[in-house]
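Presented below is the structure to which this report refers.
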Amino acid sequence: MKHETPIDHLIKHLSHLPGLGARSARRAALHLLQKREEKLMPLIASLQQAADTIKICSSCGNLDHTDPCRICMDPKRQHGALCIVAHIADLWAIERTGSFQGRYFVLGGVLSALDGVTIEDLKLHQLKEKIAKEQVSEIIIALSATFEAQATSHVILDLLKDSPIPISRLAHGVPVGGELDYLDDGTISTALKSRTGF
Ligand SMILES: [Zn+2]
């Protein structure tokens, strides 16, 4: 077997990153090595800083350089509304819109037979604890519209069935800018069922 050089090593590590295949990993490695001062060195410093400072928020599960994270500590955010998401990426996606002013809870995934995610893998116990401990006046289940995510929503509903807190979920239906003619039948019928008044 061919001896792995430091360049091979770098390409291998880069190719394991999401969205980077072998070809783009080679391009990225070459780019970094050719622009040592402008690209490689700042990247090393940034990776080191991230490794040293970024932690998981013990309250919501977000990643930040403080624990609790800045969202959990922000006094301007409504304490009452709690938005349950599957992944940190979903939290970041909602934050990017700037349209939610409450707080979050990251479940850590959705149930999936394929990926071997069971009820025990989700942070349901911590969720229940957080709701009991903090003053939550509204719960929003912001999971994807997949079968697995919907099954997970039902597990959450079951977990909170004795709670008087109102629970809602994200609307399912016609995407903004979407044309009816191009939507699949499931989306159209769900949009009809979850229609809202003007
Ligand atoms: Zn937090």
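The values are calculated or read from the model by the stated rules, or taken from the named source; none is laboratory data. Keep in mind that what you see is a predicted model, and the values were worked out from it rather than measured. Reconstructed Cβ throughout: ideal geometry from the backbone, glycine too, with neighbour counts over all protein chains shown.
Key figures
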| quantity | calculated |
| --- | --- |
| Qualifying residue in region 84-100 (condition: within 12 Å of the ligand (Cβ to nearest atom), part of a strand (DSSP E or B) and either surrounded by fewer than 18 Cβ atoms within 10 Å (Cβ to Cβ) or not β-branched (Val, Ile, Thr) (or both)) | no |
| Residue count, region 66-83 (criterion: away from the ligand (no atom under 12 Å from the Cβ) and in contact with a Ser or Thr (Cβ under 9 Å, 6 or more places away or on another chain)) | 4 |
| Hey, Leu33 modelled with pLDDT of 95 or more and more than 30 Å from Lys128 (Cβ to Cβ) or not | yes |
| Subset of region 1-31 that is assigned to a loop (DSSP other than H, G, I, E, B) and of a type in the set (Gly, Ala, Ser) - its residue that is farthest from Leu47 (Cα to Cα) | Gly21 |
| Which listed residue is surrounded by fewer than 18 Cβ atoms within 10 Å (Cβ to Cβ), closer than 21 Å to Leu160 by Cα and away from the ligand (no atom under 14 Å from the Cβ), from Asp121, Asp52, Asp115 | Asp121 |
| Selection from region 127-157 of residues that are in a helix (DSSP H, G or I) and more than 26 Å from Thr187 (Cβ to Cβ) | Leu127, Lys128, Glu129, Lys130, Ile131, Ala132, Lys133 |
